[in-house]
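Just so you know, all these numbers are worked out from the coordinates, no wet-lab data involved. This one's a predicted model, so the numbers in the text were calculated from it and none came from an experiment. No Cβ is skipped: glycine too gets one built from the backbone with ideal geometry, and neighbour counts run over all protein chains shown.
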């Protein structure tokens, strides 16, 4: 029998990843207002990179936990809602991997190190100046898409909670 709620480990990972996305996006948005000569700019970049790498690591952990902890049963509803929910789920998982990997590729394609808590990560990708700019554009495009996708996710949850009143938000609440 499937539970009506997500496992506590998945709930914790969900909210931790949300906070990390907020940190990464807030840092990079704030950096846009900081002059390039400001000494705090590298610190802001490091915060962005660290949050992004943590998103990638927690996404891997989330997949492993998700394999061992089944999702709650689907809520009854029109087929388009179920399909939209599955599409949103897929998009969010793609973003959890594609966004940080593109960021790592962008930095390493420029021959620079990705810093994680003050330590340079091993280079996963060789320097490739020709691909650096297109990957940067992809990274920024996906980063901007996060605002819309997460916004739709929140709106859908609020719609279910307050219009349909199916108690969907209790499935992702900490116990």
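The alpha carbon centroids of the stretch 22-59 and the stretch 98-126 are separated by 13 Å.
By how many degrees, between 0 and 90 and to the nearest 10, does the Cα long axis of helix 79-109 differ from the longest principal axis of the chain? That helix lies at roughly 20 degrees to the long axis. Annotation: extensible slack from residue 29 through residue 41 equals 3.2 nm (criterion: 0.36 nm per residue apart, minus Cα-Cα distance).
For the stretch 18-175, the gyration tensor built on C-alpha atoms gives a prolate shape. Its axis ratio a/c (a ≥ b ≥ c) is at least 1.5, and a/b is the larger of a/b and b/c.
Indicate the gyration tensor shape class of the stretch 112-175 (rounded, prolate or oblate), computed on the Cα atoms with a ≥ b ≥ c the square roots of the eigenvalues: a/c under 1.5 is rounded; otherwise a/b larger than b/c is prolate and the rest oblate. It comes out oblate by the Cα gyration axes. Helix-only arithmetic for the chain: the sum of -39500 (n - 2.57) across DSSP H runs with n ≥ 4, divided by the residue total, places the mean residue ellipticity at 222 nm at -23500 deg cm²/dmol. Evaluate the relative contact order of the stretch 1-108 (contact order divided by residue number), counting alpha-carbon pairs under 8 angstrom at least 6 apart; express in whole percent. The value is 38 percent. The listed peptides 98-111, 19-32, ordered by packing as a protection proxy, come out as 98-111, 19-32 (highest mean of other Cβ atoms within 10 Å first).
Under the rule a/c < 1.5 gives rounded, and otherwise a/b versus b/c splits prolate from oblate, where does the stretch 11-55 land using the Cα gyration tensor? Prolate is the answer for the stretch 11-55, as a/c is 1.5 or above and a/b outweighs b/c.
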